[in-house]
Structures are given as C-alpha cells and as structure tokens.
C-alpha cells in the first residue's frame, strides 16, 4: 500500500509535463526532493507527521539504491517459477534459441501461439487474433510493409490509438511491456492534440446545423411549389416576387396586408371576408342549436335514429 501511495504521488507530481525540484545523484539519477514529497501529501492518507517520516525514509540513499536495484531487475525480465515467461524473458529465450532478436512483438506472438513451438500463425484466442490484426494493419499504414524488421518492438501510440486505448487503465495488448511513463506521455499528447471547444462554439454549431436542416426543407418545398406552378401554367418567379412585395408591405404597416386580410396589429378581428360569414354565406336559420336538430324535424323519427340505424338510411 505504501508503494502504491508513493507511485500515485510521484505520478501526480510529474503529470502534464510538470517537473518538481529534484535531487541528482552521482550517476545522474533524478529524485523528487523530500520537501516536494511532503508538499504532495494525499489528503486522505495518514497524518502530516507520519507522511513526513515516510518521505524522509524514501529520500535516504539506502532506499534509493534499493529502488534502482528493483527497477533494474524488473527491466531484465527475470524468469518466473510456476508461471509463464514475461515478454522480456521470452524475448531473451528466443534470441538465445534462434540467434535472432524477435523483439517484444515476436515474444508476444510466441506467448499467444495456439500450439507452442509450431509456427503456423494461429493465436490462442479470437480476441488475441482480432487485436493483433488491428495492430498489424495500423503498423503497416504507419511504417510500411517492412515494419516487422524495422520496428520489432511495440509502438505504444499505435496500440492506444487503433487497438483499444486504455478503458480499464491497461493497453489492449502488451500492457506489461509498456512503461507507465510512456503510457502517461501518450495520454497527455492525445489530450493536448484535442482542441478546446467552448460552450458558445458548440451552441453556434448546433444553431448552424438547425439552419442547414431548415434550408434543406425549404428547398424541398420550393421544388414542390415550382412543379405545381409549372403544372398549372403559372410563373413561379413572378408569384414569388409578388408575394415578397406583399410581405414587405405588410411588415412596414405593422400587420398583415389590408388587401389580403382585415386583421392587423391594431385592427379588430372579424369572422367575415368581403361581408360574408367565414363559415358560410349566411346563418342556417333552419337549425335549432338549443335542441341540436333542424326545426320541424319529427321527434319520433329523430329518436328512432338511435334505436335502429338502418331506419335512418345510414351506410
């Protein structure tokens, strides 16, 4: 747990290209100073005094020498006992066996072969086959058909971009062969390459897209109206000019054109057009609105309509 906390703190200190104050030993190795470590204390981990004691221990030469020794051992890829070889160990084994350095890519293929020792190109699972196919295609696009000889080791940026990124904090293939520093550098470059888009720009883009959709709809309507005008022997352009003139006139008067309608902003609404009722030439005096039937209608026949629809001549 202490190791994980220390790694998290150092990772945060060097995040996004930041470099804290460092101590440099005689071999050129760089370490964050004790003061920088103390200032980077996590809020929810131990007390201030306890954290200061840990930082003092991590800053001793004895601890730093042990850290360098462990780092060197991990890089050498020591053999497992009771488990499969790591990629560095497999690479060393294949180089000793064949005399040719297969690179980490060749070591990964060897570890994922369907039948170890038989080079038939088949991998142990469909998932591994699919991911390797994506990696092969991307590497050939980036480096050309001779990429295996020129770039035998893994390209972490290609894995990140084309094989699956890091949805669970790990690369899709060969995660153990890529250092934490390199992974962080890839993600940092990706974030820096993405331009910042403000909320105002996003809103304007949505409005522009809506206007483009409206424009397409209006063009379709214009096409239909032109076809109808041509079919009726009318001049569409002349009608459009006349309608535009009427619209400009109505807007200047603050309401609808008086030639076309009796309603304006200051006018009273009228249900008649040209002196006639909008709903007919005249009121239907024969209809009794109170009893919802025509005057003089036989009540017996009227009621029979509800008893037997066939007597009313319904269809």
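Could you check region 110-135 and list, in sequence order, the residues that are buried (at least 16 other Cβ atoms within 10 Å of the Cβ) and assigned to a helix (DSSP H, G or I)?
110, 111, 128, 131, 132, 134, 135
Do we find a residue being part of a helix (DSSP H, G or I), surrounded by fewer than 12 Cβ atoms within 10 Å (Cβ to Cβ) and under 31 Å from the mean Cα position of the chain (by Cα) anywhere in region 155-166?
No, region 155-166 has no match at all.
Do you know which of the residues in region 137-154 that are part of a helix (DSSP H, G or I) and closer than 14 Å to residue 103 by Cβ is nearest to the chain's Cα centre (by Cα)?
Ranking the qualifying residues of region 137-154, first place goes to 139.
Can you find a residue that is closer than 18 Å to residue 107 by Cβ, touching a strand residue (DSSP E or B) at 6+ places or on another chain (Cβ under 9 Å) and at pLDDT 90 or above anywhere in region 134-152?
No, region 134-152 contains no residue that is closer than 18 Å to residue 107 by Cβ, touching a strand residue (DSSP E or B) at 6+ places or on another chain (Cβ under 9 Å) and at pLDDT 90 or above.
Does residue 69 satisfy being at pLDDT 85 or above and assigned to a helix (DSSP H, G or I)?
No, not satisfied.
Return the residues of region 25-42 that are surrounded by fewer than 14 Cβ atoms within 10 Å (Cβ to Cβ) and farther than 11 Å from residue 9 by Cα; say none if nothing qualifies.
25, 26, 27, 28, 30, 35, listed by residue number.
Take region 1-35 and flag every residue that is part of a helix (DSSP H, G or I) and more than 19 Å from residue 180 (Cβ to Cβ).
34, 35
The values are calculated or read from the model by the stated rules, or taken from the named source; none is laboratory data. Being a predicted model, the structure only gives us computed values, none of them experimental. Note: ideal-geometry Cβ built from the backbone for every residue, glycine included; neighbour counts use all protein chains shown.
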